[in-house]
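**Student:** Following this message is one structure expressed as C-alpha cells.
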Amino acid sequence: MSDRASIRTDVPISLHPDALSNLTDTLNQQNTPGAQVWAASRDALEVCYQGYALLNDTESALKEANPQTRLVNGRPTIVVENTKEFAAATEAAWKRIAPVIDGKVKQLRGCMTLLAERVATALEDPKRKTPEGLSHASEVRAYVKALPEEKRSAFIMQAINEGDRATVASVLHAQAFLSGLSAEAQSTLRQQAAAKFAPQDYAQHQAAATALDYVIEAGTKVGIRYGALTRSMHLSPAEKAAEKLKALAGG
C-alpha cells in the first residue's frame, strides 16, 4: 500500500491512493500522458483520504476532550459538543480541499482530451483528404455497403488486423450508414482500431476515464461527509446561553 497514507478502517478504502493500483502498469509510464494521469489522480485521492481522516480525528478529539451524551435514535450516544469554532474550521477545511479536487479533475479531463486526440490522429490516413484519398474512401465505403450485412464488420476487422489504415479510416471517418453499418457497429470497430493503431494511448485513455471516476466519487464522498457535519452544526447550550445573555444586555 501507499507509504503516503496509511490504511484506516474509519475512512472508505475507495478514497485511498492505492485504490488505483490496478491501473499502475497502464498509466505509470514515463514521458506519456498516462504518467500525468497517474500523478494527478493519486494526488487527488491523497487529498480526499487525508481530508476525510482529519475530520474524523478532529471529531474524535473533541468527543474525548468534552464528551457529551445525548439520545440518538433512542440510544445514549457520545456526540461532539458542536461549537461555532468547529463549524468554522470544518467549513474552512472544505473550502481548502474542494478547489484542489476540482483542479485535479480539470487536469485529468485535459489529459483525456489529449489522449483522445492522439488516438484520433493514429486512426487517420494522411492521404484521406487528398482528391485521390477521397475517391478511394468513397469506393471503400460503397464496397463495404454492398457486402452482405453479416460480412461488413468482418471485412473492416480484417483490414484492422492487417494494418490497412487507409481502408479503416475510410469507414471510421464518415457516417456509419454510408458503409451500411450501425452506429454501434462502427463504435465497436473504432475501439478495435484504436487498440490496434494506438495501443498505449487508447489503453491510457480508458484507464484515465476509470481514474477520473474514482476521483469524482472520492470528492463526492468527502463533500458529503463535510457537508453533513456542517449542516448538523449548531450552537452548544453554553454558547446559546452566552448569546442570549449578550442580547439581553443589549450587546
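The values are calculated or read from the model by the stated rules, or taken from the named source; none is laboratory data. Note that the structure is predicted; figures quoted are calculated from it, not measured. Remember, those area values only see protein heavy atoms, side chains included, never the ligands or the DNA or RNA. Shrake-Rupley method; radii C 1.70, N 1.55, O 1.52, S 1.80 Å.
**Student:** Per residue, how large is the accessible surface of the chain? Use a 1.4 angstrom probe and give square angstrom.
**Tutor:** On a per-residue basis, the chain sits at 57 Å².
**Student:** Between ASP57 and LYS246, what is 0.36 nm times their sequence separation minus the Cα-Cα distance? Round to one decimal in nm.
**Tutor:** Details: separation 189, 0.36 × 189 = 68.04 nm, distance 3.28 nm.
Between ASP57 and LYS246, full extension yields an extra 64.8 nm.
**Student:** Dimensions of the chain along principal axes (Cα, Å, largest first)?
**Tutor:** Computed over the Cα atoms, the extents are 90, 40, 35 Å.
**Student:** Now, a different point. Taking just the alpha-carbon atoms of region 81-138, what radius of gyration and Dmax come out, in angstrom?
**Tutor:** Final numbers for Rg and Dmax: 24.8, 78 Å.
**Student:** Accessible area of the chain with a 1.4 Å probe: how many percent of it is carbon plus sulfur?
**Tutor:** Details: 7750 of 14280 Å².
Carbon with sulfur: 54 percent of the solvent-accessible area.
**Student:** Quick one: 3J(HN,Hα) in Hz for region 126-140, Karplus 6.51/-1.76/1.60 with θ = phi - 60°, rounded, Gly and Pro as x.
**Tutor:** In residue order, the calculated couplings are x, 9, 4, 8, 7, x, 5, x, 5, 5, 5, 4, 5, 5, 4 Hz.
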